[in-house]
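Written out below as structure tokens is the structure these notes cover.
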Amino acid sequence: MTAFIAGGSFLLFLPAVPANYLPISLILATLLLVAIWRLNHQSIQKIFILGLALTLGFCWNANYANQRLKNILPSELDGSEFELIGRVDALPQGNTHGVRFAFELEELSAREKIAAFPRRVYLSWSPDWKSTNTVPEIIPGQRWKLKVKLKQPYGLLNPHTFDFERWAFQQDYGATGSIRSGQLLDANAIGILDFRLGMERRRWQLREKIQRLLPKDARYQGVLIALVLGDQNAIEQDDWRIFNATGIGHLISISGLHVTMLAGVGAIVAARLWRRFSLPLYIPVGKIAALMGFLTAFIYTWLAGFQIPAQRTMYMVGVVAFALWNGRNPRSFDIWWWALFFVLLLDPMAAYTPGFWLSFGAVAAILYSMKDSKALLGIPTGKGFELHWFDRLKIAISEACRVQTLVTLALLPLTFYWFYQTSIVSPIANALAIPLISYIVTPFAIAGALLAEWLGQWLLRLAHLSMDYLGVALTEFSSWSWAVHRSHEPALWALVIASLGVAIAIRPGYLIDSWRSRLCGVCLSVVLFIPPLHLLKSGEFRATVFDIGQGTAVLIQTATKTLLYDAGPTHGTKDDAGRRVIIPFLMGEGIHQIDRLVISHSDSDHIGGAASILKEIQFASMMGSLPQDNPLLSNLKSRAIQALPCRYGQQWEWDGVLFRVWHPNTKTNFDKTYPMKPNEMSCVIEVSNDLYSFWMTGDVEKYGEAEIVNRLINDQYSQDNHKVIIFMAPHHGSKTSSSMDLLEALNPHQAFAQNGHLNRYGHPHPTVTQRYQDVGIPFYQTPKTGAQIWDFKSHDFSRHDWRHREKKIWHRKLNGS
């Protein structure tokens, strides 16, 4: 089993697997199996069996990958419109103002026969922006006829951020699409034997019941839904900040403890009912209790959305139940290995998710320290049951604290790898939250969702009231200045050393006998806090051009200073590029303070993420072209952050790197009324050293470009200028920008544009793209490259395209050419 898992894990390091690997490998594996049994030497047989298991694991995962690759929308159909007939396949996310859901395709209405077409797609339905209409209510199991514009799964690709394309691949979504119109064909198209879709509809009913029974302004309604159904989408981002800062985020989901608790309830009820008759004469009570415990865990795992922690617990309960039915007594780690095997068998991509590592890692750490369940950290636990109830309670509390300490320490490397921070107040917060959420909030929420409404309403309100009081305490904890230690994404070598230290620190045995070596093991985790080396010397700088969608955001780093140019767009009413892209990147890089924020102008695709970033990152100053009544200026004033208007002629130097403002004019101020439209007031900044120049242009258009051209001529910019110039195409490459006059005056060597994939504005415009091509300027677009990381060093400069994971280096000759 271990070899099977290891063989499958090889695929994690392969970019693609040819479809013909599977039959060839199966044939080879069969031949090897025949050869094994013709050999008499036992050790040789074991070696070949190990090789066979590795091969089968690789083949299984290769088949998994190829089945999903076949399900992807063909590139020639990207952006086409179709009429689809099918069913809503899972619990939808959203409401009548906009909804996203999985759609299982049954029939395709097309003008011609399409051989390969996705069987499962991910759709979004929003009201027409020209009207105030709402979208219909989407319920799992409905059959719809939809007019849809489909695209291949596409997501923004940046370091340290969520990879939507990987998630879509794991969920088996072959395309994404936006719905133009729809017709409901069947309100309930779920077959009698369709267990999975029936459970999805039941989940929707329970979610709707919780929302209906709680007041509309109930702050933690989304938390109760998450605890009952595993659906975390309704939780507010501000609440997530508090949960993560206090280290209780692991409780706001379906944990193994919840599944185990319900499985235990199911087993106890079944055992008591079974004892009331003569049924134990036929089947022992223990077997029935084990069976019903597993069935309870199985049903609740499906109700919880089949999340990995719930799966892990369900499989472990199932292995124990199977062992009891067969009179076996499995070792603790055997149960863990079987659960790991089943999770990866059904979903090899599970290893890409934090929940997989945290769930299995926590249980593995406990089992490793308990040494086959005989003791926890070498301290016997069985004698407490012979003591007075108060002494037993003290021992239980002591052991719970030890387990919490053990898990916190064991998961420290993984916590920093996935979340780049750890909560200092976590022990205090968890001591309060674990018993309250596990034994009051969660049981009452589940009971309230399942029982009759007249009773369920009061149980849900009691659960919400308990969560409300807990929220007050958590808010206070998170407000402490030392509540969270933020770090960065550790390097692989640091993870290995820290994990080795954790293994030493939590190894089985008595604490008092080996406290020195355990303390040394804990000290090895210090490597997680070593800051990343950017290796920028004086006069060198780095520009990170984010894959931000239809908007702008660029991070400039020198040896000791950092500047953020624009903050990207908003995404709906509750999300923005600051939360989605910029903050995760800054956290992953260990950047917690920025010396200057520059906002080119007031358009939402440039300023949209600023408010979110200000909540997480400290800024020393701000510069920009904004009207006086812009909310961002009020936000900055409340935080005592200096705000400066952007004007031509301003310049400053950081670490031998010159920052120079070329636009707008010298009289610009934070006036309430702009002399021109916001685009033409864009703050244009050049970042340069002795060899290289990097231009950030915002949305400046032809009038602003003409002013820049005049300034370049008056400044004799091109005369004896041997610098390599990297140029941001103004206004995302719109047809009203990138004038030939500006290109001739500046003469850039390379150019780039930040725009959305297949955006509705048509940026960059074909005429602009052709213009750059005609004058021989390479033109790189973030939808094709992902994030672009430009490094400007002493003797060379390079560009790292994150989508293709490739780095191109250009060397400078001594004469500067």
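The values are calculated or read from the model by the stated rules, or taken from the named source; none is laboratory data. Everything numeric in this text was worked out from a predicted model, so none of it was measured. A quick note on method: Cβ atoms are made from the backbone with ideal geometry, for glycine too, and the neighbour counts reach across all protein chains shown. Surface accessibility is based on the protein's heavy atoms, side chains included, excluding ligands, DNA and RNA. Shrake-Rupley method; radii C 1.70, N 1.55, O 1.52, S 1.80 Å.
Per-structure values
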quantity: In region 505-556, residue nearest to the chain's Cα centre (by Cα) [restricted to those that are part of a helix (DSSP H, G or I) and hydroxyl-bearing (Ser, Thr, Tyr)]; calculated: Ser525
quantity: Pair list, Cβ under 8 Å, 6 or more apart: region 153-169 residue of a type in the set (D, E, K, R), other residue modelled with pLDDT under 90; calculated: Arg166/Met349; Arg166/Tyr352
quantity: Per-region count, region 478-497, residues in contact with a helix residue (DSSP H, G or I) (Cβ under 9 Å, 6 or more places away or on another chain), among the hydroxyl-bearing types (Ser, Thr, Tyr) and in a loop (DSSP other than H, G, I, E, B); calculated: 1
quantity: Filtered residue count, region 270-317, keeping only those that are open to solvent by less than 20 Å² (accessible area, probe 1.4 Å) and touching a Ser or Thr at 6+ places or on another chain (Cβ under 7 Å); calculated: 5
quantity: Conditions (1) among the charged types (D, E, K, R); (2) open to solvent by 40 Å² or more (accessible area, probe 1.4 Å); (3) in a strand (DSSP E or B): number failed by Glu707; calculated: (3)
quantity: Index of the failed condition, Ala643 passing every other in (1) in contact with a helix residue (DSSP H, G or I) (Cβ under 7 Å, 6 or more places away or on another chain); (2) within 30 Å of Ser798 (Cα to Cα); calculated: (2)
quantity: Some residue of region 92-107 being acidic (Asp, Glu), more than 25 Å from the chain's Cα centre (by Cα) and on the phi < 0 side of the Ramachandran plot; calculated: yes
quantity: Test result for Asn61, within 26 Å of the chain's Cα centre (by Cα) and under 28 Å from Ala226 (Cβ atoms); calculated: no
quantity: Subset of region 547-574 (residues that are open to solvent by 40 Å² or more (accessible area, probe 1.4 Å) and within 20 Å of Val661 (Cα to Cα)); calculated: Lys561
quantity: Members of region 651-685 found to be part of a loop (DSSP other than H, G, I, E, B) and free of Cβ contacts under 8 Å to residues at least 12 places away in the same chain, listed by number; calculated: Pro675, Lys677
quantity: Single condition Trp357 does not satisfy, out of (1) at negative phi; (2) open to solvent by 50 Å² or more (accessible area, probe 1.4 Å); (3) of a type outside the set (D, E, K, R); (4) outside any helix (DSSP H, G or I); calculated: (4)
quantity: Entirely in region 716-817, the strands (runs of 3 or more DSSP E) that have 1 or more residues that are within 21 Å of Glu701 (Cβ to Cβ); calculated: 724-728, 750-753, 779-781
quantity: Subset of region 500-529 [in contact (Cβ under 8 Å) with a residue 40 or more places away in the chain, closer than 30 Å to Phe162 by Cα and open to solvent by 60 Å² or more (accessible area, probe 1.4 Å)]; calculated: Phe529
